[in-house]
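J.: Pasting a structure below so you can have a look.
The values are calculated or read from the model by the stated rules, or taken from the named source; none is laboratory data. Just so it is clear, the structure is predicted and the values come from calculations on it, not from any experiment. Cβ sites come from the backbone with ideal geometry, for glycine too, and all protein chains shown count toward neighbours. The accessibility values were calculated without ligands, DNA or RNA, using every heavy atom of the protein model including side chains. Shrake-Rupley method; radii C 1.70, N 1.55, O 1.52, S 1.80 Å.
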Amino acid sequence: MNNWQHLFNNTNSLTNHLNKSYFRYDNREKNVSNIVFDDHANLLWAGDTYGCISSYDPNLQLYTRYKGHIGGSAVKDIVPIREGILSLSEDALHMSNRRGVTMFNVTSINIAEFSELQTMCPLSLDNQNLIYCAGNNTSVGITCLDLNKVKLTSIINYNAKVKLLKSTRNLLVIGKPSGTVDLLDPRSNQLIKTFACHSDTITSMDIADFTLVTTGKSKSFYNSFADPFVNVFDLRSMKQLSPVAFSKDGNMGTDGATFVHLHPVLPTVMFVGSESGAFDFIDLSNPVLRTQYIHPGQEVRSMRLSPSGDHIAVLERDNVLSTWSRSHHGGNFTNTPEILQYPDFVDDGPHNFVLVDDMNYPLSSVGLPYYSERLLSAWPYTLFNSDGTIPKKLDLNLPLTPTSKTSKQPLNATPLDLSSKKFPFYRYDKNKYGKRNVAANYICMKDIRKKMTNGLDKEEILNYKTTGPEIPPAYSQLPFTYGKYGSDNFDFQAYNKTQFSGLDTDVDNSYTNSIIQLYRFVPEVFNFFVGCLKDENFDKPSLLSELGYLYDMMSRSHGRVVRSANFQATLNSIPQAAISGLLDKTMNESYRSINNSVPNSASVKTVSATLGDCLSKNIIQKFNEFLLNRLLKEEFESTGHNITLEQCFGFTVSTEVKSKCNHYNKETNVKPSLCIQSPTRNGVKQSTKKLSNQTILPYIESSMRSVKVQNKICETCGKQDMMEIEKTVNNLPPLMSFQVMLTESEWKTVRTVKKWLSKEFYASVYKNKIIMKPTYNDLKMAGEVFKYELNGYIAKVTDPSTNTTRLVTYSRVWDQELQVFRWYMFNNYLVVEVDEDEALNMSYWWKTIEVILYCDSEELRKPFFSVDTYSINYDILYRDHFSNGIMEGYKKEYKLLTKDEAPKAGTLIAIDAEFVLLNDELCEIDGQGNKTVVRPKKSSLARISVIRGEEGPLYAVPFIDDYVVNRNHIEDYLTKYSGILPGDLDLEKSEKQLVTREVVYRKIWLLMQLGCIFVGHGLNNDFKLININVPRAQIRDTAIYFLQGKRYLSLRYLAFALLDKNIQEDNHDSIEDAYTALILYKKYLDIKESGTLPKVIETLYEEGRASNYKVPDSTTTPTTTTTTTTTTKTQ
């Protein structure tokens, strides 16, 4: 938790509104009583001792202020929920929306139990309609209010004063003024556990999942002091863990810990602060790891950590509020901010003609349009009270070099020219802003929000051509909306009419989809990755193997959408990826865009010593470098020190460093990718006018031989001096991967050049220098000449209307049948064939290239080979490969396959998989009732069982029953449905024989490769979470065979109705479910052969509706369902 900075963004007291003349002599305390961040908007809320509630934006400018509590009662607590803002006083509960409009106000007149209230909390994050309120009145207890009905629902008998109140997992955590904490079950009103935390009182507490932390004070004779430690409790074992010291030395934290918050993003990190202004970030798993800061100022009254984890609000004794942030640009308080609302107007249709002098016409009925900019009336008042003026922002997109005059003329011979060398004249950009002297098109923000919610028109979504400055629909932000069953009901076919598969966004690090698609259509790369699948690779996580499985799945899917979940899981497990900030969970918020699909380009900045402008390396460019380097390393370590990828991608770069102290250093290394910059940045003297006629070739050529001067320390003598650094590329690899790093001003120059993006070029090495020309005849020197053609590139699309950016991939694919190249554009799961002119057009203002790939022309025309052409190792099907070794006395529930019964095409097998929940989904619902998943639920494979389906002595005997090791945090084991118990997947605690996900996946992949027929129930969901696309011809899904309409019948109901079996009475068992699906499939074949299948399905649904599709207990007599069984058997 480094890089925290103090933002001096407010010097005014938050109680200025109380310094009125009529408040001057009332002798009442005028302070801010509570501050809290909003979980759903970029707002910080503050309540004062006069009952007013105020909200402030990230710049601490006032957004709303309203009177929440009549009579001057102080605001005791504030709880932001999705529907509005709850505020609590001693005898009232008030709720308003974020615009300050009151929704209800409940006082002690309505509910007599509202007395001496101090704190409140919702039942849980998922159920915020029930609010618990408590305080110092011991005769009342804890009241529960239903916000939907605005009615008291229950009262919990609790005879003690309450200072703090939190809730988690159907538990109420009660902090008492005496310093103890009680855990109470609100369903049974039973006290579960009491923790003695502090001897005097409790000052702060927080809870997340099963972790509870508290700070407080202890008594010392007649005084009290803040405890110098934080108490930590594990709610799973109901035990106290070792307390964590506030500071590891004596320089900080001498006043003790007063404030504590668990980090909302990092589950093991907590924030601890004191009244003196000192605060720490402490890792609970390793308390030695911590970061210490001190807030400059007066005594601190409150500290709050934002929901995004990137902001800290500090309230000082004089009611001055300031913030700390991890970025000097500010950023968002929350990761999922809502759009701040303005009052809507009633649209009654077109207005009738109104005379100007009609004095009876109400002017208030004339509505105003929606504005995307802040109106002058909404500007903060402090701007108009200041003596200065608002400075104009500096345009960072101006070109680096001024335009030069063509001729010198006397001043009196030419019109007045206000341009100069420092401030040149720039022409109007009609490509970006449209024709001049034309009113801009009206943009309705309400329509934009509706479009983002409901998605795009499916008839127009594949339109990639533009008729104006607008971005075509094919490049738009794709909907991230899911139904009840995840993405199963999503119409992916409307977004892809080609034979090539797109990639789903329902995965971590979805921005990497563009890189995956880029290298997918390079024959040499595809064949190498897929060829690696012939061998086993279980030693450690391998991106090489995962890309092989992914590319094999994409080639087999023939246009079906593909998920890269296993690739992302392997990427998440690599520590170097987390350190480099390439993962969603570790990526800084400033790297993210609004749609969470591609991070902003403002990441790692490289400043030129000679030019005042700066370059920024995009996160996708960092990932491209990381991926290629990782793949080269894995190939060298796992395949007998082979360097096939290095020979394909490797640039041999020589670096020479010369200094004025006459010391010389030279080194040579291999880089799989190269950064492209403007020739002016590479030490080549070229004016902007000359570059306006050049293609991409001078950019590449100059980047292969760059000279820069930097002020560095000499490694030999240790003196700091100006050094000349020359980097030279000495070879031409078959595949050339480039990261294009140009400023916006340089992109403006590029957009004026026709055919800037060269479709092909010729290159040669002459006197240790790379020469590139557009035609073969231009290379007049001796030497071997290579022809390169554009294979594809990744472009960033910038949409200012929605303030989002996204990545799309253009790929040039060789058609073996027609012997021609075709261009395709991939926007995640949207795939469309585009014209070559469209693919090579770089004149669009919203389009910039991030990564580009050129290949040897002969490589592009090579065929793509499937894995079937290799000799595959099938040994894992006939042996075990346990991660925790073979346990003594462990009884297997399966019998391994032998090579005598090796599966072949058409072999019948039954499969069932069980999963655990890593995190539940986070949803939001708009005003029209449309559900949008902000964070989809994430599951992980826990157990998989496969049984024999062919008739014989081993019929229905399992040959695979693997438990999959899981090193991630598991939110819910779903024991009732999965049969998995806590600890079953822990490598150190489990009594099961565990295997890795890679071992299980290879077994299933090999069975699919052999052509086996998979029988199961609900296989679509199983295969999706296993992350494998099995051909439809190899699937026998019993959930589909007995389907009528959209209501699927459960396996338990079908087994009871058709097989007269009562399964899943306790927990699910994957072997039992696989066996049931197998005999149910046999039953289906019999019914289908008899010709009674439609009537049987009709009977199943009729009796299912009568019994609500429930199976009676084994102790009851099955009446209606037995009729179904009897009818089926007689038929």
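J.: On full extension of the chain, what length is gained from GLU1102 through THR102, given 0.36 nm per residue of separation minus the C-alpha to C-alpha distance?
T.: Numbers: separation 1000, 0.36 × 1000 = 360.00 nm, distance 4.92 nm.
So the chain would gain 355.1 nm between GLU1102 and THR102.
J.: Please list, in order along region 193-198, the HN-Hα scalar couplings obtained from phi with the Karplus expression 6.51 cos²θ - 1.76 cosθ + 1.60 (θ = phi - 60°), rounded to whole Hz, x for Gly and Pro.
T.: Result, rounded to whole Hz: 7, 10, 10, 8, 9, 9.
J.: Accessible area per residue, 1.4 Å probe, Å², for region 14-157: what's the number? Each step should come with its number before you reach the end.
T.: Numbers: 5990 Å² over 144 residues.
In whole numbers, region 14-157 has 42 Å² accessible per residue.
J.: Taking the full set of protein chains and a 1.4 angstrom probe, give the accessible area of GLU299 in square angstrom, rounded to the nearest 10.
T.: Roll a 1.4 Å probe over it and GLU299 shows about 80 Å².
J.: Can you give me the solvent accessible area of VAL101 with a 1.4 Å probe, rounded to the nearest 10 Å²?
T.: VAL101 exposes around 80 Å² with every protein chain in place.
J.: What per residue convex hull volume, in Å³, do the alpha-carbon atoms of region 84-124 yield? Kindly include the intermediate steps, with their values, before the conclusion.
T.: Numbers: hull volume 3.1 nm³, N = 41.
Residue-normalised Cα hull volume stands at 75 Å³.
J.: So which of LYS899/LYS992; LYS585/LYS671; LYS666/LYS780; LYS633/LYS989; LYS892/LYS989; LYS465/LYS773 end up more than 23 Å apart, counting from Cα to Cα?
T.: Numbers: LYS899/LYS992 26 Å; LYS585/LYS671 28 Å; LYS666/LYS780 31 Å; LYS633/LYS989 33 Å; LYS892/LYS989 18 Å; LYS465/LYS773 31 Å.
Going by Cα-Cα distance, LYS899/LYS992; LYS585/LYS671; LYS666/LYS780; LYS633/LYS989; LYS465/LYS773 fall outside the 23 Å limit.
J.: Hey, any idea what Rg/Rh is for region 861-997, computing Rh the Kirkwood way over Cα pairs?
T.: Details: Rg = 19.7 Å, Rh = 18.1 Å.
Ratio of gyration radius to Kirkwood radius: 1.09.
J.: How big is the accessible area of PHE1042 in square angstrom, nearest 10, if you roll a 1.4 angstrom probe over the protein chains?
T.: Ignoring ligands and nucleic acids, PHE1042 comes out at about 0 Å².
J.: Could you work out how far apart the two model spin labels at ASN693 and LEU1059 are, taking each label as a point 7 Å from the Cα in the direction of the beta carbon, and quote it in nm?
T.: 8.0
J.: Next question, about the same structure. Per residue, how large is the accessible surface of region 698-783? Use a 1.4 angstrom probe and give square angstrom. Before the final figure, lay out the partial values.
T.: Values: 4290 Å² over 86 residues.
I get 50 Å² per residue for this part.
J.: Residues with amide H under 5 Å of ASN791's amide H, sequence separation 5 or more or different chain, H placed in the peptide plane at 1.01 Å from N; which?
T.: LEU853, TYR854, CYS855
J.: Let me ask something else. Can you compute the modelled spin-label distance between ASP584 and ARG65, with each label point 7 Å from Cα toward Cβ, in nm?
T.: 4.1
J.: On to the next question. Across region 536-552, in residue order, what do the Karplus-derived ³J(HN,Hα) couplings come to in whole Hz, using 6.51 cos²θ - 1.76 cosθ + 1.60 with θ = phi - 60° and x for Gly and Pro?
T.: Karplus-based 3J(HN,Hα) across region 536-552 equals 7, 8, 10, 5, 7, x, 10, 5, 4, 5, 5, 5, x, 4, 5, 5, 5 Hz.
J.: With just the Cα atoms of region 852-909, tell me how far they stretch along each of the three principal axes, in Å, largest first.
T.: Largest to smallest, the principal-axis extents are 61, 31, 17 Å.
J.: Same structure again: Rounding to the nearest 20 debye, state how big the charge dipole of region 815-909 is about its Cα centre with +1 on each Lys and Arg Cβ and -1 on each Asp and Glu Cβ. Before the final figure, lay out the partial values.
T.: Working: 10 positive and 18 negative charges, 146 e Å.
Here region 815-909 has a charge dipole of around 700 debye.
J.: Something else now. Would you mind calculating the relative contact order of region 641-730 from Cα pairs under 8 angstrom and at least 6 residues apart, reporting the percent as a whole number? List each step's numbers first, then the result.
T.: Details: 143 pairs, mean separation 30.5, N = 90.
Reported relative contact order: 34 percent.
J.: Here is a further query. Of all the accessible heavy-atom surface of region 164-274, with the other protein chains kept in place and a 1.4 Å probe, what percent is carbon and sulfur?
T.: Details: 2480 of 4930 Å².
Carbon and sulfur: 50 percent of the exposed surface of region 164-274.
J.: Moving on. Determine the gain in length on full extension of the stretch GLN292-GLU836; use 0.36 nm per residue of separation and subtract their C-alpha separation, reporting nm with one decimal. Each step should come with its number before you reach the end.
T.: Working: separation 544, 0.36 × 544 = 195.84 nm, distance 5.63 nm.
Stretched out fully, the GLN292 to GLU836 stretch lengthens by 190.2 nm.
J.: Same structure, new question: Taking every pair of alpha-carbon atoms in region 292-341, give the share separated by more than 16 Å as a whole percent.
T.: On the way: 576 of 1225 pairs.
The proportion of pairs with Cα distances above 16 Å equals 47 percent.
J.: Between HIS663 and ASP721, what length in nm is gained on full extension when 0.36 nm per residue of separation is reduced by their alpha carbon distance? Mind dumping the intermediate values first?
T.: On the way: separation 58, 0.36 × 58 = 20.88 nm, distance 1.10 nm.
Extra length from HIS663 to ASP721 when fully extended: 19.8 nm.
J.: Taking R0 as 45 Å, what FRET efficiency do you get between GLN190 and LEU918 from their Cβ-Cβ distance, rounded to the nearest 0.05? The partial results should precede the final answer.
T.: Details: r = 31 Å, r/R0 = 0.68.
E(calc), rounded to 0.05, equals 0.90.
J.: While we're on this one: Per the Kirkwood treatment, what hydrodynamic radius in Å, one decimal, follows for region 157-219 from the mean inverse distance over all distinct Cα pairs?
T.: Details: mean 1/r = 0.0852 Å⁻¹.
Result for region 157-219, one decimal place: 11.7 Å.
J.: Per residue of region 125-138, in order, report the coupling 6.51 cos²θ - 1.76 cosθ + 1.60 (Karplus, θ = phi - 60°) as ³J(HN,Hα) in whole Hz, putting x for Gly and Pro.
T.: 5, 7, 10, 9, 7, 9, 10, 9, 10, 8, x, 8, 7, 6
J.: What is the magnitude of the charge dipole of region 883-1010 about its Cα centre, with +1 placed on the Cβ of each Lys and Arg, -1 on the Cβ of each Asp and Glu, and no other charges, expressed in debye to the nearest 20? Can you show the working numbers first?
T.: Values: 18 positive and 21 negative charges, 59 e Å.
Using only the charged Cβ atoms, the result is roughly 280 debye.
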